[in-house]
Amino acid sequence: MSSREKLIYGFRHVPYQQEDFSSGEMLDRSKEFYDWLDKRRSVRHFSDKPVPQEVIENIIKTAGTAPSGAHKQPWKFCAVSNSDLKKKIRKAAEQEEKENYRGRMSERWLKDLAPLGTDENKEFLEIAPWLIVVFKEVYELDQNDEKHNNYYVNESVGIACGMLISAIHNSGLVTLTHTPSPMNFLAELLERPSNERAYLLLPVGYAAGDAFVPDIHRKKLEEISEFYK
Ligand code: IYR
């Protein structure tokens, strides 16, 4: 074994390759990345212009770089471009949303949502060229088919979804976090195994030429942070 490696509890560890930015570069990069991500918006109006599968693959690979509890990587990203399936997903999602908007959601909730302009119609589920349905893997099976719960599954998959959303934005595409509730229908339609639970549904594509977004604003640094020096 080379001296550039070591064994910890019998497992191989290799040197971490630290990026080497000057403090000026670091400041510029942190500012540029923020400026770029600050342009991201949740968009509900999509173009049907196709997006190559390879782009979606790269976006999913990016999400797969997320940290996870005990490195279990408890996620599965199902990318759907099949129109028949998209139609079925839309129909089932709208069915649930109809009940949500017409009774299951409180008055207060509907009032909070009003500025976003959402409703039970989810035509983007058919128009967007891709739907990425994210599943969390609540347990894994060992060689003897015994179940072992994964760790910090919601946190891990949430972080991966954040990275997925950033990667989508980085490609010049748009998405929105759609959470039809309940969303068990997604596991059924996509015939997922019993250890997977639907977590989030993201339509991915180009924004429609005439897409509008609500004129809402982000909290300021002072509102979202406290510094203890
Ligand atoms: N799931 C519904 C309702 C909804 C809920 C929240 I909280 C939002 O931020 C947006 C929508 C829907 O997708 O319309």
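The values are calculated or read from the model by the stated rules, or taken from the named source; none is laboratory data. All values reported here derive from a predicted model rather than from experimental measurement. When we count neighbours, we look across all protein chains shown, and the Cβ atoms used for this are built from the backbone with ideal geometry, even at glycine.
What to note about this one:
- Matching residues, region 1-16, being modelled with pLDDT of 95 or more and exposed (fewer than 10 other Cβ atoms within 10 Å of the Cβ): Leu7, Ile8, Tyr9, Gly10, Phe11, Arg12, Val14, Pro15, Tyr16
- Condition check for Gly103: closer than 24 Å to Ile165 by Cβ and not acidic (Asp, Glu): no
- Residue identified as part of a helix (DSSP H, G or I) and modelled with pLDDT of 95 or more among Ala167, Ala198: Ala167
- Options Val153, Val133: the member that is surrounded by 13 or more Cβ atoms within 10 Å (Cβ to Cβ), more than 16 Å from the ligand (Cβ to nearest atom) and closer than 29 Å to Asn100 by Cα: Val153
- Qualifying residue in region 42-56 (condition: in contact with a helix residue (DSSP H, G or I) (Cβ under 7 Å, 6 or more places away or on another chain), among the acidic types (Asp, Glu) and either in contact (Cβ under 8 Å) with a residue 60 or more places away in the chain or surrounded by fewer than 20 Cβ atoms within 10 Å (Cβ to Cβ) (or both)): yes
- From Ala167, Ala187, residue being within 26 Å of Pro52 (Cβ to Cβ) and surrounded by 14 or more Cβ atoms within 10 Å (Cβ to Cβ): Ala167
- Looking across region 125-154, the residues that are assigned to a loop (DSSP other than H, G, I, E, B) and either aliphatic (A, V, I, L, M) or in contact with a helix residue (DSSP H, G or I) (Cβ under 8 Å, 6 or more places away or on another chain) (or both) come down to Ala128, Val138, Asn150, Tyr151, Tyr152.
- Cross-chain or 6+ apart pairs with Cβ under 9 Å, region 170-194 first and assigned to a loop (DSSP other than H, G, I, E, B), then surrounded by fewer than 20 Cβ atoms within 10 Å (Cβ to Cβ) and of a type in the set (S, T, N, Q): Ser171/Asn58; Leu176/Ser42; Thr177/Ser42; Pro180/Gln95; Pro180/Asn100; Ser181/Asn100
- Just one of (1) within 15 Å of the ligand (Cβ to nearest atom); (2) under 23 Å from the mean Cα position of the chain (by Cα); (3) over 22 Å from Val55 (Cβ atoms); (4) of a type in the set (A, V, I, L, M) fails for Ile89. It is (3).
Each row is one residue, and each column tells you yes or no for (1) under 30 Å from Ile56 (Cα atoms); (2) in contact with a strand residue (DSSP E or B) (Cβ under 6 Å, 6 or more places away or on another chain).
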| residue | (1), (2) |
| --- | --- |
| Lys91 | yes, no |
| Gln95 | yes, no |
| Glu99 | no, no |
| Arg104 | no, no |
| Asp112 | no, no |
| Asn121 | yes, no |
| Phe124 | yes, yes |
| Ile127 | yes, yes |
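- Filter pass, Glu107 being within 29 Å of Ser194 (Cα to Cα) and either within 16 Å of the ligand (Cβ to nearest atom) or in contact (Cβ under 8 Å) with a residue 12 or more places away in the chain (or both): no
Yes/no matrix, rows are residues, columns are (1) farther than 22 Å from Lys72 by Cα; (2) away from the ligand (no atom under 13 Å from the Cβ):
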| position | (1), (2) |
| --- | --- |
| Lys111 | yes, no |
| Ile127 | yes, yes |
| Val157 | no, yes |
| Val174 | yes, yes |
| Phe185 | yes, yes |
